[in-house]
1. Where the second residue is buried (at least 18 other Cβ atoms within 10 Å of the Cβ) and in a helix (DSSP H, G or I) and the first is among the acidic types (D, E) and lies in segment 111-132, which pairs have Cβ atoms under 7 Å and are six or more apart or on separate chains?
2. Tally up the residues in segment 18-48 that are assigned to a loop (DSSP other than H, G, I, E, B) and either over 24 Å from W125 (Cβ atoms) or at pLDDT 95 or above (or both), please.
3. Filter segment 136-154 down to residues that are free of Cβ contacts under 8 Å to residues at least 40 places away in the same chain and open to solvent by 70 Å² or more (accessible area, probe 1.4 Å) and give me whichever is nearest to N117 (Cα to Cα).
4. Against the conditions (1) open to solvent by 80 Å² or more (accessible area, probe 1.4 Å); (2) closer than 26 Å to R52 by Cβ; (3) assigned to a loop (DSSP other than H, G, I, E, B), where does P89 fall short? Just the number, please.
5. Taking into account only those residues within segment 99-109 that are in contact (Cβ under 8 Å) with a residue 12 or more places away in the chain and surrounded by fewer than 14 Cβ atoms within 10 Å (Cβ to Cβ), which is farthest from E134 (Cα to Cα)?
6. If you check R54 against the conditions, is it out of contact with any helix residue (DSSP H, G or I) (no Cβ under 9 Å at 6 or more places or on another chain) and either at pLDDT 95 or above or surrounded by fewer than 18 Cβ atoms within 10 Å (Cβ to Cβ) (or both)?
7. What tally of residues in segment 84-107 results from selecting those that are charged (D, E, K, R) and touching a strand residue (DSSP E or B) at 6+ places or on another chain (Cβ under 8 Å)?
8. Restricting attention to segment 66-86, which residues are of a type in the set (G, A, S) and either more than 26 Å from E123 (Cα to Cα) or in contact with a Leu (Cβ under 7 Å, 6 or more places away or on another chain) (or both)?
Amino acid sequence: MAHAAGYVTTEVVPANSWASSAASRAVMSANKGRDTKPEKRLRSALHRQGLRYRVGVRPLPDLRRTADVVFTRARVAVFVDGCYWHGCPEHHRPAKKGAQFWREKIAGNRARDAETNEVLSSEGWLVIRVWEHEDPELAALEVARVVASRRDATHLTHP
């Protein structure tokens, strides 16, 4: 399967690469930063709920953080977090190769997530984090409920 998927390669790993092998380099470089399956499933479920949203935008222009789904009027930012990359308490399994590097990488991701939550909250945004393993239909129901309540609150305070 790895051969068919193109993960096995004769490429030589550059001297300055963090990759432990050409195969791991190929797999890691194939990881997507946007439009992952969990993101698409959640977006489809949100769309079925009748919600319209922006995809892959910064909630705050000066903050170098891109949310997966953004409801600008309701000021709701949704992030779909991968279990490995964000250290899911249920599913994250530490790497065996390069363990220290990956421990620091995941810890850094979690710290950045916490900082993002704090900054957006201080600016009046509500942050929703959905783990990739969560049921997208249930997550969409919760997002829809939150977006509706925030839109209602906005209409009450701004006639």
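1. These pairs meet every condition: E132/P38.
2. So the answer is 7.
3. Taking the candidates together, the pick is E142.
4. Tallying (1) open to solvent by 80 Å² or more (accessible area, probe 1.4 Å); (2) closer than 26 Å to R52 by Cβ; (3) assigned to a loop (DSSP other than H, G, I, E, B), P89 fails exactly one: (2).
5. Result: F101.
6. In short, yes.
7. 1
8. Hit for segment 66-86 is A77, nothing else.
The values are calculated or read from the model by the stated rules, or taken from the named source; none is laboratory data. All values derive from a computational prediction rather than experimental measurement. Ideal geometry is used to build each Cβ from the backbone, glycine not excepted, and the neighbour counts take in all protein chains shown. The accessibility values were calculated without ligands, DNA or RNA, using every heavy atom of the protein model including side chains. Shrake-Rupley method; radii C 1.70, N 1.55, O 1.52, S 1.80 Å.
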